[in-house]
Every structure is written in structure tokens, then in C-alpha cells.
1. What's the number of the condition Ser409 fails, among (1) among the hydroxyl-bearing types (Ser, Thr, Tyr); (2) more than 21 Å from Val436 (Cα to Cα); (3) touching an Asp or Glu at 6+ places or on another chain (Cβ under 6 Å)?
2. Would you check if Lys39 is out of contact with any helix residue (DSSP H, G or I) (no Cβ under 6 Å at 6 or more places or on another chain) and of a type in the set (Lys, Arg)?
3. How many residues are away from the ligand (no atom under 12 Å from the Cβ) and closer than 15 Å to Cys355 by Cβ if we restrict to the range 292-311?
4. When both residues are 6+ apart or on different chains and their Cβ atoms are under 8 Å apart, which pairs have a first residue that lies in the range 400-413 and is among the charged types (D, E, K, R), and a second that is part of a helix (DSSP H, G or I)?
5. Scanning for something polar (S, T, N, Q), touching a strand residue (DSSP E or B) at 6+ places or on another chain (Cβ under 7 Å) and either under 30 Å from Phe281 (Cβ atoms) or within 11 Å of the ligand (Cβ to nearest atom) (or both), does the range 320-330 turn up at least one residue?
6. For the range 449-480, which residues satisfy the criterion of being surrounded by fewer than 17 Cβ atoms within 10 Å (Cβ to Cβ), without any contact (Cβ under 8 Å) to a residue 40 or more places away in the chain and not in a loop (DSSP other than H, G, I, E, B)?
7. Is it true that some residue in the range 381-396 is of a type in the set (Asp, Glu), more than 20 Å from the chain's Cα centre (by Cα) and modelled with pLDDT of 95 or more?
8. Are any of the residues in the range 80-93 within 11 Å of the chain's Cα centre (by Cα) and surrounded by 23 or more Cβ atoms within 10 Å (Cβ to Cβ)?
Amino acid sequence: MAIIYPEVSRTFSEFLLLPNLTTKDCAPVNIDLTTPLVKHSKDKEPALKLNIPIVSAIMQSVSNDTLAIALARCGGLSFIYASQTIENQAEMVRKVKKHKSGFVVSDSNVSVNQTLRDVLAIKERTGHSTIAVTDDGTANGKLLGIITSRDYRLSRDPLDKKVEDFMTPFKDLIVGKLGITLSEANDIIWEHKLNSLPIIDDEQRLHYLVFRKDYDDHKANPEQLLDSKKRLMVGAGINTWDYKERVPELINAEADILCVDSSDGFTEYQRDTLRYIKKNFPHIKVGGGNVVDREGFMYLVESGADFVKVGIGGGSICITREQKGIGRGQASAVIEVAKARDEYFEKTGVYIPICSDGGIVHDYHIVLALAMGADFVMMGRYFARFDESPNKKVKRGNSYVKEYWGEGSNRARNWQRYDLGESTNLKFEEGVDSYVPYAGKLKDNLDITLSKIRSTMSSCGAKSIRELQKTARLTIVSSTSLIEGGAHDVILKESEY
Ligand code: IMP
């Protein structure tokens, strides 16, 4: 007969934290959210750390270069999705590594032969009103002019007016030379009362635009996650079938860390992938997953994983439990794996960070996951709602939503990871295609989430994640107390939210 575990499998919403004594030095501003990202021994600092305990999911609808830049600037990390060609993924990684704070690669470009109609279409699509005119219409072509909304009058100018006839031509532009610092660029911007400064190389090719509003950029992001060369950090997902081609390209593109993206990591395919990386690229850090128990965790640790991702079936778009009957309540999974990790640490002196992946619905769930022993969390739905995610924003009824689809859905099927490489045809779906409410800019939302995390930790009397893991006290809630937890027995006033 099968083994039947006596304990039920629990989710985050079944738990609450009890407050501990909040000492005066435990104010939210004093709370340290840095956390280890990779394996390290007791007496050593981890080679890689996060400044906030949050990473974004390895998903087509979540982690592209734009989101990765926005998140790293706030102290977290994205794992660029692997369900795309190796070239495209490596290019996204490169874009993050090349990103220079305040130096923006122009995303709105035209060539001289295009028309005002094209300019307006680009403006509508990107929301940006500074448009570069280059010889080939690309972001790195030879700069021939710039268009801003001051260059045309919609009431007078015909839509088929040629770009060439209304752009500000190169000879009238003030430009900066590639290599200048942000502060030098800003001096030029102020001196000449410009809104933006194109940065070009010796061949007049466009590299960046510097905008006046980005002046205080670095001051606004003191927690940004940087590598040793002061570039933003970025991770990349990999799969268990094309890793021999994909991994070298991602390393070439200078990804800071890799993670095997698989719904079930307790497999020989995953072990082979991890071992291949450790043997051929011993300096490269790689996470493994997903697992939900001690056995899975130990298997990945012994295979060489630098961190282990926990969670099966808890993702918001996930129907793995319905389709395959496999999974575990996210809280139970994190608690068991964290226990195994702590015992392993006691025994060997080696600490393996764990990542709670999927099923975060409320901000306080992040603190619960950390209290239960996770070192950081991975989220998909959370990030899919923001401007920076790669998915489409659409209007439904009176509100805006963004698309969000699972990596195991038909939509992502060409790159599915669920057949473990044996076939490229998905026979059944493990994820759905859905909408999530649009929520605006990543930073605005993340700032609120982080202040809630700090405030909860302050109530728990924990100044660091490590301290929270050691001292937090959790209680299981009954279904009746769940009702008590929301607003109840009052008549709510109408609210837009
Ligand atoms: P969320 O934050 O609750 O939306 O969960 C995101 C996580 O769901 C991802 O990091 C993956 O581990 C998992 N996931 C992504 N796509 C699928 C899918 O199609 N089926 C099942 N799980 C998925």
C-alpha cells in the first residue's frame, strides 16, 4: 500500500504570524532584507546575494529584459524565460547587462522615409514621444535626426508628411559622445536646456538617449542589485533538453546565475543538467527545482544545485494538481524542505538557500514563506500586472487587465517543459491562459509590498530574514477565523478598488 502522510497539506492562507516584542531598534527602516541567493559554507559570505527576497518567475508573460531591469533596480532578480530561442534569450540577458542607469536604449525609432502616421503609431505603441531617426530605423543605426512632439502640428500637418521634412536634423542636434558619464551628460542637458541627449559613437551611430528626468535615477534606487562591475544582475532559466547548447550561450551573454525550469525537479533529467553545468562550468551558479519534500531537496543538493526551488501546483495559473494529481500545499512544502535544509546545514556546515515558488496571493504570504524558512520567493502573477512585463495590456469592461499565461499552457506549448524533452507536442495542458488586473509601475507596487514586509517583520521583532526564520511564531487559522480576518459585519462603502 502507498505511504499516506498523516498531516494535511497546508497553504499560506491557513497561517498567521503572532507578534513578538518589537524593540525600539526594530523600526521598519532598520530592517535588512538582504538574503543569500546561493550555497555557501557557515563561515563564508554567499557569492551572490539579493537585496530584497524577491525574484520573478521564469515565464514568457513575466520575465523579459525590461522587467529584469526594473526589478534589479529595486534589488531583486529576474530569471529570463527559457521558452524562446537561445539567441533571443541570450539577447535579453545582454540587454540587461548592457543597461546603464540613466542611459536608455531608444525603443522608438524610424527611418527618414517613414511618415508622420508611422511616428504617431510608434508613439501610441510605446507611449514615448522622443523618437530617433536613424538610417535603418533601428536603435543602433546612424543618427539622422530626432522627433519630439514639438516638431509637428497634428491640426496642420498631413499624416503622410515625410519624417525627413519635419525632424530636427542631426546638424541642429546637441549630442553626447559614447563614454561620457551620466553626470557629464546631465551637465550638457542643463547647459543647453534639452529634454534629452542622444549619445553617439565616432561613426554617428546611436547608442543611448539620456533624459532629463533620469537625473536622480541612481539616488532613487539605492538598493539596486549590481555585479562586481556595477552592472545590473540577471538570471536565466534553462531546460533539461537543450542545455548543452543554451548554457554556453547564456554564459557568453554574462548571465549571473541560471535556474533549471521544471515543474517536477525530482528527476534524472534534472540531475544530468546540473551535473553537466558543474562539470563544464564549475564557476557558474545554478538553481534546481521544483521539489516539495526532503527527498527531492536532497536529490538536487547532491546533484550540485546552488539553491533549490520549492512548489508544485500552487501557481495561480497552474492546473497541475487537477490534471496530474501531483503537488503539495505550498506552506507544507516549504516547511518540510526548510527543515531538511537546516538539518543539512547542521550536519555539513553548508547552507542551501531555498526559494518558495508560486502561490503568493497577498503580500503577507511573502513574510510567511520567509518565516517558514524560505530565503526568497518567486512570483509570476504579481509581476505580470505591471507595465514592465512583456504581455499585452487590454481593456475589459471599465478596467485594464494584462494577459498572464502559464508555461504549461497551449500558448507556451512550443517550448513546453512538461514532457521532459521526449516530445514537443503537449498532450494536455498544465497551465491556463488568463488575465490579471493591470497595476501600473513595478517600482510603485514593489515599494508598497516591501514596506508591508518590513512592517510585518517589525511586529515580529525580526531585524533580518535570518532572525525571522529563527524567531517567528506561526499559528494555524480555522475556517471561521478566516472570515474574522477580513472586514466583516460592516456595510462597506463603494470603493473603486
Ligand atoms: P504565481 O506567482 O502564483 O503566478 O506562480 C508562478 C509560478 O507558477 C512559476 O514560477 C512556476 O513555478 C509556476 N508555473 C508557471 N507556469 C505554469 C503552468 O503552466 N503550470 C503550472 N505551474 C506553472
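1. Of (1) among the hydroxyl-bearing types (Ser, Thr, Tyr); (2) more than 21 Å from Val436 (Cα to Cα); (3) touching an Asp or Glu at 6+ places or on another chain (Cβ under 6 Å), only one is false for Ser409: (2).
2. yes
3. Filtering the range 292-311 for residues away from the ligand (no atom under 12 Å from the Cβ) gives 293-308.
In the following step, the residues that additionally are closer than 15 Å to Cys355 by Cβ were identified as 296-297, 300-301, 305-308.
Of the residues in that region, 8 qualify.
4. Close Cβ pairs (under 8 Å, with a partner that is part of a helix (DSSP H, G or I)) amount to Lys402/Ala384; Glu403/Ala384; Glu407/Trp415.
5. Yes, because at least one residue in the range 320-330 is polar (S, T, N, Q), touching a strand residue (DSSP E or B) at 6+ places or on another chain (Cβ under 7 Å) and either under 30 Å from Phe281 (Cβ atoms) or within 11 Å of the ligand (Cβ to nearest atom) (or both).
6. Those that are surrounded by fewer than 17 Cβ atoms within 10 Å (Cβ to Cβ), without any contact (Cβ under 8 Å) to a residue 40 or more places away in the chain and not in a loop (DSSP other than H, G, I, E, B): Arg466, Lys470, Ser479, Thr480.
7. no
8. yes
The values are calculated or read from the model by the stated rules, or taken from the named source; none is laboratory data. Please read all numbers here as calculations on a predicted model, not as lab measurements. Virtual Cβ from ideal backbone geometry, glycine too; neighbours counted across all protein chains shown.
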